[in-house]
Amino acid sequence: MRLIGSNIRKQNTDAKAKRVMRNIIRYSTEEEPRNEYPKRIVSPPKPSRCCNDENRLMVGTMREVEGFKFCYKICNVCGHAVKFYYPAVDSTSDAVKEYRQWKRYMVQ
Ligand SMILES: [Zn+2]
């Protein structure tokens, strides 16, 4: 029961996040990979062997929407782009932490 409940909550959060955050990455095999951040990023649909942490470079600045911190990362070899979410615990803002705790408390 507990598991089902937490899944539903997660889906709601994801749907909400999607409304707020427009994904600017466009996966295409027909177009050349290119970085037009913050307008859009054209990326190959699949990552290659070169797409490791070393080659993936952060583009633009880190953004935060409703406590979710994320940025875009592009592989500097093949141009594969990903939306990278920072772990929730990696928050530097005490206000956000407090808000999350309060929200968690309210949900239970
Ligand atoms: Zn790559």
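The values are calculated or read from the model by the stated rules, or taken from the named source; none is laboratory data. Fair warning: this is a prediction, and the values are worked out from it, not measured in the lab. The protein model used for the area step is the full one, side chains on, heavy atoms only, and it has no ligands, DNA or RNA in it. Shrake-Rupley method; radii C 1.70, N 1.55, O 1.52, S 1.80 Å.
Structure shown: which of LYS73/LYS103; LYS83/LYS103; LYS39/LYS73; LYS46/LYS73 lie over 20 Å apart, alpha-carbon to alpha-carbon?
As for pairs spanning more than 20 Å Cα to Cα, those are LYS73/LYS103; LYS83/LYS103.
Just read off the accessible area of LYS97 with the full protein assembly in place, 1.4 Å probe, to the nearest 10 Å².
Near enough 90 Å² of accessible area.
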